[in-house]
1. How many residues are in contact with a strand residue (DSSP E or B) (Cβ under 9 Å, 6 or more places away or on another chain) and without any contact (Cβ under 8 Å) to a residue 60 or more places away in the chain if we restrict to the range 62-86?
2. Got at least one residue in the range 53-68 being within 17 Å of residue 8 (Cβ to Cβ), of a type in the set (Ser, Thr, Tyr) and surrounded by 13 or more Cβ atoms within 10 Å (Cβ to Cβ)?
3. I'd like to verify a number: residues in the range 78-102 that are buried (at least 19 other Cβ atoms within 10 Å of the Cβ) and over 17 Å from residue 25 (Cβ atoms), how many?
4. For residue 109, indicate whether it is of a type in the set (A, V, I, L, M, F, W, C) and out of contact with any helix residue (DSSP H, G or I) (no Cβ under 9 Å at 6 or more places or on another chain).
5. Taking residue 3 as the residue in question, decide whether it is of a type outside the set (Ser, Thr, Tyr) and surrounded by 19 or more Cβ atoms within 10 Å (Cβ to Cβ).
Amino acid sequence: MKLQTVSIFVDDQQHALEFYTTRLGFTVSADIPMGEHRWLTVVDPERPDSTQISLEPKGHPAVVPFTDALLADGIPFCVLGVDDVQAEYDRLLALGETFTQPPTAMGPVIIAVLDDTCGNLLQLAQWVG
């Protein structure tokens, strides 16, 4: 058994697709029309058989209060692993992206918190042992 797909709830699927591919470097794994929305997943291009991220529209009534509360409290929706948090921070800042927390050592990890521009905060984490 393995984790196949996780959902990140987004305000706008097309905007999320552009952010997650052009800014974060994921590639499209699936893009299937589903009526008003799409089954839209992205994946790490270096590991195309790894866990997919579903860019899920915020259609369910429970999603908006949940994601709004996380955002208001500054809680990241998920953690993305990176090799070098400082390098990603510098790269994304140069592209005009917004962080709510700069790279910070937290025991065995260095973390930074990024606004995904789609209604979520994402934590970038580098394991330093």
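1. Going through the range 62-86, the residues in contact with a strand residue (DSSP E or B) (Cβ under 9 Å, 6 or more places away or on another chain) turn out to be 63-64, 66-67, 70-71, 74-86.
Now drop any that are not without any contact (Cβ under 8 Å) to a residue 60 or more places away in the chain, which leaves 63-64, 66-67, 70-71, 74-76, 79-86.
Going through the range 62-86 one residue at a time, the tally reaches 17.
2. Looking for residues that are within 17 Å of residue 8 (Cβ to Cβ), of a type in the set (Ser, Thr, Tyr) and surrounded by 13 or more Cβ atoms within 10 Å (Cβ to Cβ), one finds at least one in the range 53-68, hence yes.
3. Residues flagged as buried (at least 19 other Cβ atoms within 10 Å of the Cβ) and over 17 Å from residue 25 (Cβ atoms) within the range 78-102 amount to 0.
4. Working: of a type in the set (A, V, I, L, M, F, W, C): yes; out of contact with any helix residue (DSSP H, G or I) (no Cβ under 9 Å at 6 or more places or on another chain): no.
Judged against the criteria, residue 109 is not a match.
5. Values: of a type outside the set (Ser, Thr, Tyr): yes; surrounded by 19 or more Cβ atoms within 10 Å (Cβ to Cβ): no.
So residue 3 fails the test.
Residue by residue, here is whether (1) within 13 Å of the chain's Cα centre (by Cα); (2) part of a loop (DSSP other than H, G, I, E, B); (3) of a type outside the set (Lys, Arg) holds:
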site	(1), (2), (3)
49	no, yes, yes
54	yes, no, yes
59	no, yes, yes
90	no, no, yes
103	no, no, yes
110	no, no, yes
113	yes, no, yes
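We did not get these values from a lab; they are worked out from the coordinates using the rules stated. As the structure is a computational prediction, the values presented were derived from the model and not from experiment. In this analysis, Cβ positions are derived from the backbone assuming ideal geometry, glycine residues included, and neighbour counts consider all displayed protein chains.
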